[in-house]
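The values are calculated or read from the model by the stated rules, or taken from the named source; none is laboratory data. Model, not experiment: these values are computed from the prediction. All Cβ positions, even for glycine, are placed from backbone atoms using ideal geometry, and neighbour counts span all protein chains on display. For the accessible areas, the whole protein counts, side chains as well, though only heavy atoms, and no ligand, DNA or RNA atoms are used. Shrake-Rupley method; radii C 1.70, N 1.55, O 1.52, S 1.80 Å.
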Amino acid sequence: MAVKDYFGKCGACKFCDLSSGSTFCYTTKFDCTRFRQSVKADENGCNKFEPAPGRTNEIIAKYDK
């Protein structure tokens, strides 16, 4: 299985709450605290994307099932 790159994606944004993950049909979604909607960690970041300091691919991958 290929390793996902979350650089510039929703999972690397400070508004993505990784602790809110819920999995349904093999897809994990997280809450975007800025827009109050669900996003996937590997979705392209929106125009309000702000990188979360210290959040690495390895950390995001732990939550993205």
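What to note about this one:
- The test for being in contact with a helix residue (DSSP H, G or I) (Cβ under 9 Å, 6 or more places away or on another chain) and surrounded by 17 or more Cβ atoms within 10 Å (Cβ to Cβ) holds for Cys16.
- Whenever a residue of the range 1-22 is in contact (Cβ under 8 Å) with a residue 24 or more places away in the chain, its partners that are of a type in the set (Val, Ile, Thr) and open to solvent by 40 Å² or more (accessible area, probe 1.4 Å), lying with C-beta atoms within less than 8 angstrom and at least six residues away or across chains, give the pairs Phe15/Thr33; Cys16/Thr33; Leu18/Ile59.
- Only one of the numbered conditions (1) crowded, with 17+ Cβ neighbours inside 10 Å; (2) not in a helix (DSSP H, G or I) is not met by Val3, and that is (1).
- Residue, nearest to Lys9 (Cα to Cα), within the range 38-55, restricted to residues that are open to solvent by 70 Å² or more (accessible area, probe 1.4 Å) and among the polar types (S, T, N, Q): Asn44
- Within the range 6-40, the residues that satisfy the criterion of being assigned to a strand (DSSP E or B), closer than 16 Å to Glu58 by Cβ and among the hydrophobic types (A, V, I, L, M, F, W, C) are Cys16, Leu18.
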